[in-house]
1. Only residues in region 14-26 that are in a loop (DSSP other than H, G, I, E, B) and at pLDDT 95 or above count as the first member; pair them with residues that are among the β-branched types (V, I, T) and open to solvent by less than 20 Å² (accessible area, probe 1.4 Å), Cβ under 6 angstrom, at least 6 apart or cross-chain, and list the lot.
2. What's the total number of residues in region 30-53 that are over 12 Å from V98 (Cβ atoms) and in contact with a strand residue (DSSP E or B) (Cβ under 6 Å, 6 or more places away or on another chain)?
3. Being out of contact with any Asp or Glu (no Cβ under 7 Å at 6 or more places or on another chain) and closer than 14 Å to E109 by Cβ, is that true of even one residue in region 11-33?
4. Any idea how many residues of region 27-57 are buried (at least 20 other Cβ atoms within 10 Å of the Cβ) and either assigned to a strand (DSSP E or B) or out of contact with any helix residue (DSSP H, G or I) (no Cβ under 7 Å at 6 or more places or on another chain) (or both)?
5. Among the residues that make up region 9-21, is at least one of them touching a Cys at 6+ places or on another chain (Cβ under 6 Å) and surrounded by 15 or more Cβ atoms within 10 Å (Cβ to Cβ)?
6. Please find, within region 80-123, the residue that is surrounded by the most Cβ atoms within 10 Å (Cβ to Cβ) out of those that are of a type in the set (K, R) and not in a loop (DSSP other than H, G, I, E, B).
7. Six or more apart or on different chains, Cβ atoms under 6 Å: show the pairs whose first residue is in region 84-104 and closer than 15 Å to Y65 by Cα and whose second is among the aromatic types (F, W, Y) and outside any strand (DSSP E or B).
8. Starting from region 64-82, keep only residues that are over 18 Å from A102 (Cα atoms), then list their pairs with residues that are part of a loop (DSSP other than H, G, I, E, B) whose Cβ atoms are within a distance under 8 Å, requiring at least 6 positions of separation or different chains.
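The values are calculated or read from the model by the stated rules, or taken from the named source; none is laboratory data. This one's a predicted model, so the numbers in the text were calculated from it and none came from an experiment. In this analysis, Cβ positions are derived from the backbone assuming ideal geometry, glycine residues included, and neighbour counts consider all displayed protein chains. Heavy atoms of the whole protein, side chains included, go into the accessibility calculation; ligands, DNA and RNA do not. Shrake-Rupley method; radii C 1.70, N 1.55, O 1.52, S 1.80 Å.
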Amino acid sequence: QLQLVESGGGLVQPGGSLRLSCTSSAFTLDYYALGWFRQAPGKEREGVSCISSTDGNTRVSTTYYADSVKGRFTISRDNAKNTLYLQMSSLKPEDTAVYYCAVDVSSMECSDNVWRGKTKYNYWGQGTQVTVSS
């Protein structure tokens, strides 16, 4: 049984947009830190973004982004739908990769020093292909 399931990938032209989704039947996603990673052919899997659990007092989640996607990608979560999103805009050919969502069930926080590390996360989705090409 898959713990996390991604969807929303596809073929898009440069400058276009896509929204990736990640759902879970096993976890209440708002309880944990959640990440998006990507892996291009021949490259290491890299951290794209992370979102913390919603702070109980401020009702705000902390987000982090890789420099390469900052200002173009937005991570968010719909707690009512138990779904994590990655809104991707102004897509470039170098954004082409398999995108994975991941959950850290031992932490609510992303933490600036560690969120990019694959070992922080315990469970991974199967990935969804994003291809940016004309």
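1. Within 6 Å, the pairs are P14/V132.
2. Number satisfying all stated conditions: 9.
3. Yes, some residue in region 11-33 is out of contact with any Asp or Glu (no Cβ under 7 Å at 6 or more places or on another chain) and closer than 14 Å to E109 by Cβ.
4. Total satisfying the criteria: 14.
5. No: region 9-21 contains no residue that is touching a Cys at 6+ places or on another chain (Cβ under 6 Å) and surrounded by 15 or more Cβ atoms within 10 Å (Cβ to Cβ).
6. K120
7. Final answer for the pair search is A102/Y121.
8. R72/S89; R72/S90; R72/L91
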